[in-house]
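The values are calculated or read from the model by the stated rules, or taken from the named source; none is laboratory data. Keep in mind that what you see is a predicted model, and the values were worked out from it rather than measured. Cβ placement follows ideal geometry from the backbone for every residue including glycine, while neighbour counts extend to all protein chains displayed.
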Amino acid sequence: MLDNKVRQNINLSTDTVRILFQTGLRDRAFEIVRCLYENEYVVDMEGLVAFLCQCRKLLEACKLLLFSLSKGHILNVDTCTTLLSALCKASRASEAFEIYYELLEKGVQQPLECVEELGLALETEGRTKEAEFVKKRIPGQL
């Protein structure tokens, strides 16, 4: 497809990447996503991030979401909230904070419950600076 400049089928590209993640070929999946985007093709990021969250592949979902944001693609708030919440529950508050911060930079606000959960998770993990940063964005806090 890339070599012959064939018109892309988004579903086919997305399914291919999904299968690579499913079979544990994480690096290959990311490589293909990068190649697609470099050649101005896309995949269904929303679907891939949701799929990775369902499979509990949270670090892959995190990396994919950050890649998407770096390319100027902002995903649905619900998808972002699901990932942030899952990362907090999996004691991955620093990764959740990285996503939260990038979303803030892009002007995307998260629901109050999600922000509160992130602040609490950061506090629990001893990341006081980040927790204070998050709490400043909660109405009525600090």
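What about Lys57, is it surrounded by fewer than 16 Cβ atoms within 10 Å (Cβ to Cβ) and closer than 29 Å to Phe21 by Cα? Full working, then the answer.
Values: surrounded by fewer than 16 Cβ atoms within 10 Å (Cβ to Cβ): no; closer than 29 Å to Phe21 by Cα: yes.
No: the conditions fail for Lys57.
Kindly state which helices (runs of 4 or more DSSP H) lie completely within the stretch 1-110 and contain at least 1 residues that are at pLDDT 95 or above, within 14 Å of the chain's Cα centre (by Cα) and of a type outside the set (Val, Ile, Thr). Quick ask: steps written out before the conclusion?
On the way: elements: 10-22, 26-38, 45-54, 58-70, 77-89, 93-105.
Counting at least 1 such residues, we get 26-38, 45-54, 58-70, 77-89, 93-105.
Could you please find all residues in the stretch 60-99 being crowded, with 16+ Cβ neighbours inside 10 Å, closer than 16 Å to Glu117 by Cα and either aliphatic (A, V, I, L, M) or out of contact with any helix residue (DSSP H, G or I) (no Cβ under 8 Å at 6 or more places or on another chain) (or both)?
Passing the criteria: Leu83, Leu84, Ala86, Leu87, Ala93, Ala96, Ile99.
Output the number of the condition that Pro139 fails; it satisfies all remaining conditions of (1) in contact with a Leu (Cβ under 9 Å, 6 or more places away or on another chain); (2) under 16 Å from Ala61 (Cβ atoms).
It is condition (2) that Pro139 fails.
Would you confirm whether or not the stretch 112-122 contains a residue that is in contact (Cβ under 8 Å) with a residue 24 or more places away in the chain and either in a loop (DSSP other than H, G, I, E, B) or closer than 23 Å to Val42 by Cβ (or both)?
Checked the stretch 112-122: no residue is in contact (Cβ under 8 Å) with a residue 24 or more places away in the chain and either in a loop (DSSP other than H, G, I, E, B) or closer than 23 Å to Val42 by Cβ (or both).
Scan the stretch 100-118 for residues that are surrounded by 11 or more Cβ atoms within 10 Å (Cβ to Cβ) and over 14 Å from His73 (Cβ atoms) and report the count.
12
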